[in-house]
Amino acid sequence: HTSECTVHAHQFIEIAILNCGTLEHKRFIPGEEVYCEQLTAGDIVAFLPGECHEFSQGKNNTILHNFDFSHSFSP
């Protein structure tokens with residue numbers, strides 16, 4: 001991510017690793033309040049297919065790496 005990200009979901013598994021900077025992360029859980037957390041370098045978060053979430057970053061040199069995996073693996 002290089003800029004703010006709107007609320008979204010994916011049809012795949014996502015693993016995000018914050019390498020540098022800080023980032024606010026929001027997870028939207030149906031029927032519950034929004035779960036917010038401040039991420040710092042070294043934090044790792046994962047999302048299952050269909051989970052709504054959003055990242056918003058401050059004015060820093062944030063580096064976030066995303067790894068996306070199909071939920072159907074074949075050898």
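Under a Cβ-Cβ cut-off of 11 Å, what is the net charge of the residues other than PRO49 that fall near it, where Lys and Arg count +1 and Asp and Glu count -1?
-3
Each label point is 7 Å from the Cα along the Cα-to-Cβ direction; what then is the distance between the points at ALA46 and PHE28, in nm?
Reported label-point gap for ALA46 and PHE28 is 2.4 nm.
Every read-out reported here was derived from the displayed coordinates using simple, explicitly stated rules and does not represent laboratory data. The shown structure was predicted, so the numbers you read here are calculated from the model rather than taken from an experiment. We place every Cβ from the backbone using ideal geometry, glycine too, and count neighbours over all the protein chains shown.
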